[in-house]
Every structure is written in structure tokens, then in C-alpha cells.
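Q: I am attaching a structure below and will ask some questions about it afterwards.
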Amino acid sequence: MYTQALNARDTTAPVAGPEEAARAARFQARIDAEERIEPNDWMPEAYRRTLTRQISQHAHSEIVGMLPEGNWITRAPTLKRKAALLAKVQDEAGHGLYLYSAAETLGTSREELFDQLLAGRAKYSSIFNYPTLTWADIGAIGWLVDGAAIMNQIPLCRCSYGPYARAMIRVCKEESFHQRQGYEIMLTLCRGTPEQKAMAQDALNRWWWPCLMMFGPPDAESQHSDQSAKWKIKRFSNDELRQKFVDATVPQGQYLGLTFPDPDLAYDEAAGHWRYGAIDWEEFKQVLAGNGPCNRQRMKQRRDAHAAGAWVREAAMAHAAKRARRAAAKADALQQAA
Ligand code: BYC
């Protein structure tokens, strides 16, 4: 299976000889010295697999992540909101494309990565399997989903793999704008009519817990974290980032005058952190297993969109081939004239 083949703890890998072990030690020393690894550098196969897995899952998340918000483009309440939402969804397409390019530098083609997604062999973020029922969900996605994404992605700007780290710098700038536009939607709703405020509260109630799940399983159950931390792909653990997100977001929700759907949420003065209640990890597992509220719908939409875009890909390839033929003919003519 894809996920098993890409597991960093691949026990089927050949046992390293002394030369290989020395290379691996030099590689780790470069990482420890905070050097960036670039595509043509030597790297352990497990490092390549782990990054291909994470970057491609990240790319798929951006692309599938366009669907829940795309659902509201035609129903945005004003022209200004429609223009902002269109731009945000386009940004996400752009993020997906940088990330597929970064993944390709590790040696797997974009077509193969698409195939993995469309065949259901690759994961994308659990959060995009939840529905966007009202306009307030667009505010909640910007505020909470993009807020969680930034928390996770800012440390990735310092990831040891150069192309991923560089892609993240631009992505984070855009995500920060997305987060603010989402919060501004929430603020407008919370300052509006009682019905609008109730809509914002309902969106927070539905998105809060799935957003906490975005950071991945608890540290004790995170199979890749230790190795990814050693390779400086991950700079913080799943639980550390989840806590940072809760600490940053609770005061923002309080400012909106909203209530978090967690009776156990309480400020721990001594630790300086907001303590939160138990996360329903069974729900997370079910979503990852394909049984979330929208998994089937999302995959069908992706497959249909891919099939509908076949003629565009063919036309682009034909155009590129024509340009290459013309360039070759021109070069021949110049050579003969010389
Ligand atoms: N959903 O060992 P772990 C966005 C999987 S999109 C699904 O902790 P790792 C946006 C994990 O893949 C932003 N699967 O893994 C777009 C692994 O399974 P495999 C998306 C999850 O990699 C549009 C298994 O569980 N962000 O911003 O060390 C609109 C064990 O986990 C999830 C990224 O992709 C999940 N939530 O850590 C708005 C960030 N969590 O692969 C916004 C980049 C875990 O062994 N990715 N799994 O089959 C990462 O930082 C890390 O991959 C994770 C997981 C923290 C997500």
C-alpha cells in the first residue's frame, strides 16, 4: 500500500553497508548544522519518501480544500465577498501547484501523485471532509482552518528540504491574509443581527473540534514525528502546535463574543495555557478511513474535475510540442544559414 511504502520506518529497506552509513552520518550532520538539503544532494531514501508523502498530502489538501469554499462562490452575500473568496480559492490552487512542483523535485511525477489521490491511495487533510452549510462556514474556515494551517506551516518555512521551505514562505503570507478575511467575516456576523451571530456560533460549534484534529494524532500515536523531528522536517510536535493554536485562538473567539463548544476549556494560570477537553479520536480515524461526512463527495468531485480537464491537459501538451518543433526547426535553419 502507498502509505506503507512511504512509511519512514520501512523495515524492508536494505541494511546499510559502512559506506552508506557514513553517507547517512554526513547527511545527518548537515541537517544538525541547519544546512538546507537541495534536490540534487544525496539523501536517504526514507527522507525522500517521507517528504514526498508529506508534501504531496499537503498539495492534495490545498486542491481538495478548494471544494468546500468553492461551494459558496456563487452564493457569497456581496460582490466584495465574492471577489475575496474567488481570490482565496485561486490562491489555494496556486499553493497546490507550488507544492506539487516541490514534490516533483524528489523524483515522483505530478501525474503519479494525482493518480495516488484519485485512486484513494493518498491522504489529504481530514478537515476538508466536513460540509460548508452556511455562509458563516466560510468565515470559520478562514479564521480557524487557515489559522491552524498557518500555525503548522510557519515552522515548515524552516524545514530542512529547501524547495518545501521556500514554497512555504509565500504560502504562509497568503494564508495570513486568508485568516484575516475569515475573521473579518466572523466579526461582521457577530456584530450583526441575532440570527447572524447564531450562524457564527453554529459554525464555530461544528468546526472547532475538526480543526484541533488537523494537527494530527496525539504525539504518543504519531508514527512519523520522531524521525521527522530528527530530520528537521517537523520543528514542533502535533500536540505542541495544537496547544499553540488553542492559546492563540481562544482570545480571538472571546473577542467575537462566541462560546467554544468545550465545557472543559479553562485557562491554566500556572502553565500559561488554555487547557481543552478530550478530542474524539474515533471520529478522526473514521474520517481518515473514508467515512467522514463528505469523503465520497470530495473524491467524486476531484475525479470528475480531473476527467473534465483532460482536454486542457492534451491541448497544453500539443501546444508545448508544437513550440518545441518550431524552436528546433528555427535552430536548424540558423545552423544551415551559418
Ligand atoms: N488529516 O505520524 P503522523 C490548507 C495522517 S491545507 C489526514 O503525525 P506526520 C488549506 C498522517 O499523514 C493544509 N491525515 O504524520 C487549504 C499519517 O498517515 P500516513 C494541510 C492525517 O506526517 C485550503 C498518519 O496520520 N496542511 O492549509 O508526521 C483551504 C499519522 O500521523 C492528518 C498540511 O498538509 C490529518 N489532519 O504529521 C484552507 C501540512 N494528520 O501518511 C486551508 C503539512 C495526520 O502515514 N503536513 N494524518 O498514511 C504536516 O505538517 C504533517 O504531515 C501532519 C501529520 C502534521 C499533518
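Q: Which one of the conditions (1) closer than 23 Å to Leu117 by Cβ; (2) in the same structural domain as Val145 (by the TED database); (3) open to solvent by 90 Å² or more (accessible area, probe 1.4 Å); (4) among the polar types (S, T, N, Q) does Gln297 fail to meet, given that it meets all the rest?
A: Single failed check for Gln297: (2).
Q: Give the range 203-219 a look and list any residue that's within 11 Å of the ligand (Cβ to nearest atom), open to solvent by 30 Å² or more (accessible area, probe 1.4 Å) and free of Cβ contacts under 8 Å to residues at least 60 places away in the same chain, or say none.
A: If the condition is that a residue be within 11 Å of the ligand (Cβ to nearest atom), open to solvent by 30 Å² or more (accessible area, probe 1.4 Å) and free of Cβ contacts under 8 Å to residues at least 60 places away in the same chain, then Asp219 is the only one that fits.
Q: State all residues of the range 160-195 that are in contact (Cβ under 8 Å) with a residue 60 or more places away in the chain and over 19 Å from the mean Cα position of the chain (by Cα); if no residue qualifies, say none.
A: Within the range 160-195, Tyr183, Ile185, Met186, Leu187, Cys190 qualify.
Q: Further question on the same structure: Going by what's in this entry, would Lys88 be described as within 13 Å of the ligand (Cβ to nearest atom), under 16 Å from Glu62 (Cβ atoms) and open to solvent by 30 Å² or more (accessible area, probe 1.4 Å)?
A: On the way: within 13 Å of the ligand (Cβ to nearest atom): yes; under 16 Å from Glu62 (Cβ atoms): yes; open to solvent by 30 Å² or more (accessible area, probe 1.4 Å): no.
For Lys88, the condition - within 13 Å of the ligand (Cβ to nearest atom), under 16 Å from Glu62 (Cβ atoms) and open to solvent by 30 Å² or more (accessible area, probe 1.4 Å) - is not met.
Q: While we're on this one: Considering only the range 314-338, how many residues are at pLDDT 95 or above and open to solvent by 90 Å² or more (accessible area, probe 1.4 Å)?
A: 7
Q: Still on this structure, please answer the following. Is it the case that some residue within the range 193-202 is under 26 Å from Glu240 (Cα atoms) and either within 14 Å of the ligand (Cβ to nearest atom) or assigned by the TED database to the domain that holds Arg30 (or both)?
A: Scanning the range 193-202, I find no residue that is under 26 Å from Glu240 (Cα atoms) and either within 14 Å of the ligand (Cβ to nearest atom) or assigned by the TED database to the domain that holds Arg30 (or both), so the answer is no.
Q: Exactly one condition in (1) under 18 Å from the mean Cα position of the chain (by Cα); (2) more than 14 Å from the ligand (Cβ to nearest atom) is not met by Ser126; state its number.
A: (2)
Q: Just name the residue that is surrounded by the fewest Cβ atoms within 10 Å (Cβ to Cβ) out of those in the range 40-54 that are more than 8 Å from the ligand (Cβ to nearest atom) and either in a helix (DSSP H, G or I) or within 21 Å of the chain's Cα centre (by Cα) (or both). Spell out how you get there, then give the answer.
A: Here is the first cut: in the range 40-54, the ones more than 8 Å from the ligand (Cβ to nearest atom) are 40-49, 51-52.
From what is left, the residues that are either in a helix (DSSP H, G or I) or within 21 Å of the chain's Cα centre (by Cα) (or both) are 45-49, 51-52.
Numbers: Glu45: 11, Ala46: 17, Tyr47: 24, Arg48: 17, Arg49: 18, Leu51: 26, Thr52: 21.
Within the range 40-54, the match that is surrounded by the fewest Cβ atoms within 10 Å (Cβ to Cβ) is Glu45.
Q: Shifting gears a bit: How many residues does the range 220-231 hold that are near the ligand (Cβ under 8 Å from one of its atoms) and either surrounded by fewer than 18 Cβ atoms within 10 Å (Cβ to Cβ) or not assigned by the TED database to the domain that holds Gln153 (or both)?
A: At the first step, the residues of the range 220-231 found to be near the ligand (Cβ under 8 Å from one of its atoms) are 221-225, 228.
Then keep just the ones that are either surrounded by fewer than 18 Cβ atoms within 10 Å (Cβ to Cβ) or not assigned by the TED database to the domain that holds Gln153 (or both); that gives 221-223.
Selection size over the range 220-231: 3.
Q: Now for a separate question. How many residues does the range 105-121 contain that are within 15 Å of the ligand (Cβ to nearest atom) and open to solvent by 10 Å² or more (accessible area, probe 1.4 Å)?
A: 5
Q: Is there a residue being under 32 Å from the mean Cα position of the chain (by Cα) and touching a residue at least 24 places away in the same chain (Cβ under 8 Å) anywhere in the range 308-324?
A: First, pick out the residues of the range 308-324 that are under 32 Å from the mean Cα position of the chain (by Cα): 308-320.
From the residues that got through so far, the ones that are touching a residue at least 24 places away in the same chain (Cβ under 8 Å) too are none.
Checked the range 308-324: no residue is under 32 Å from the mean Cα position of the chain (by Cα) and touching a residue at least 24 places away in the same chain (Cβ under 8 Å).
Q: Answer yes or no as to whether Thr74 is of a type outside the set (Gly, Ala, Ser), in the same structural domain as Thr132 (by the TED database) and either in contact (Cβ under 8 Å) with a residue 60 or more places away in the chain or not in a helix (DSSP H, G or I) (or both). Step through it out loud before you land on a result.
A: Working: of a type outside the set (Gly, Ala, Ser): yes; in the same structural domain as Thr132 (by the TED database): yes; either in contact (Cβ under 8 Å) with a residue 60 or more places away in the chain or not in a helix (DSSP H, G or I) (or both): no.
No; evaluated as a whole, the condition is false for this residue.
Q: Ok, one more. Against the condition part of a loop (DSSP other than H, G, I, E, B) and aromatic (Phe, Trp, Tyr), how does Tyr98 come out, does it pass?
A: Values: part of a loop (DSSP other than H, G, I, E, B): no; aromatic (Phe, Trp, Tyr): yes.
For Tyr98, the condition - part of a loop (DSSP other than H, G, I, E, B) and aromatic (Phe, Trp, Tyr) - is not met.
Q: Determine, yes or no, whether Phe260 is out of contact with any Leu (no Cβ under 6 Å at 6 or more places or on another chain), part of a loop (DSSP other than H, G, I, E, B) and within 15 Å of Leu144 (Cα to Cα). Talk me through it step by step, then tell me what you get.
A: Details: out of contact with any Leu (no Cβ under 6 Å at 6 or more places or on another chain): yes; part of a loop (DSSP other than H, G, I, E, B): yes; within 15 Å of Leu144 (Cα to Cα): yes.
Yes; evaluated as a whole, the condition is true for this residue.
Q: Exactly one of these conditions fails for Glu34: (1) at pLDDT below 95; (2) more than 16 Å from the ligand (Cβ to nearest atom). Give me its number.
A: Among (1) at pLDDT below 95; (2) more than 16 Å from the ligand (Cβ to nearest atom), Glu34 violates only (1).
The values are calculated or read from the model by the stated rules, or taken from the named source; none is laboratory data. Since the model is a prediction, treat every value here as computed from it, not as a measurement. Note that each Cβ is placed from the backbone with ideal geometry, even for glycine, and that neighbours are counted across all protein chains shown. The accessibility values were calculated without ligands, DNA or RNA, using every heavy atom of the protein model including side chains. Shrake-Rupley method; radii C 1.70, N 1.55, O 1.52, S 1.80 Å.
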